[in-house]
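Right, one structure below, let's go through it.
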Amino acid sequence: MTTTMQDELTFTVCLYRGTNDVDSMVAFLQTLGMGPVLYNEHDPELTYVYGKGGVIALYENPDRGRPGRAELSFCTNDYEAASEMFESYDLNIVKAEADAVPGVTVTDTNGQAIWVGQAVLDRTEAEKAANQVEILALRHSLSVAGDSEFFEVLGFDKQQDGQVNWRVLNSDDPSGIIGLAEGNLPSCDDGQAEVQIGFVTTEDLDQVAARMRDAGYFTGDVILEADTPFFTVTDPDGVTAGVFAKHRP
């Protein structure tokens, strides 16, 4: 996750994603440019695939359905300090049991439960620089302003300009990206912070799209005329995601 001073509390986007085939999804994400792949001794059913900023935690989808959304959570370098910080903001929290996976559940300003767990990985700046993909969590929100205030507490207080339909939030370090849009995600269960997954890369989009096609994945045309250039790609579960060019001020 994000490497900072030892006493600085950090948060990194972590998206829990059910899939029909973990190995196939790992291969898809690695072809896109993500890695390394790690496992958590506290929860062996999860497979973590890291990006330059953000991580996707994959698990076998028990319903064998079409997993089109992911659950928004965060990794932190100190979940106990995070608990204290949430309490100082009068946010409702539930701490994990002593023998459970280390972490805390916090309720955001929209009443959605968000898991904040202890990070599995700390990386050097050189290791992060070798990866060009950041995770983008696209969230439909009943209150974009309220969500923005909550994510600002987690350090996502840098807002990109020039976004028409989405409010795009970053932190100082590459910790993943959060996109907020007005409205509720269809069929979103009450109390669950569900998001759609997107990707942001510093690599040339034509080069990434060609690599994905050569590996057998279906991709759309690269759209350079958009406010943020992008192309779409369909993953092994049949879910189509956007791959966006890194915003440059």
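One table, with the values for the structure above:
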item: In Hz, Karplus ³J(HN,Hα) per residue of the stretch 71-80 (6.51, -1.76, 1.60; θ = phi - 60°; x = Gly, Pro); result: 9, 6, 8, 9, 9, 9, 7, 7, 5, 5
item: Estimated vicinal HN-Hα couplings, Hz - the stretch 9-17 in sequence order (Karplus 6.51, -1.76, 1.60; Gly, Pro = x); result: 6, 10, 9, 10, 4, 10, 10, 7, 10
item: Highest average packing first - 135-141, 206-212, Cβ atoms within 10 Å; result: 135-141, 206-212
item: For Thr10, residues with placed amide H under 5 Å, excluding near neighbours; result: Asn77, Asp78
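Here, each number is a calculation from the coordinates, and none is a lab measurement. Since we're looking at a predicted model, the values are computed, not measured. Positions of Cβ are backbone-derived with ideal geometry, glycine not excepted, and every protein chain shown enters the neighbour counts.
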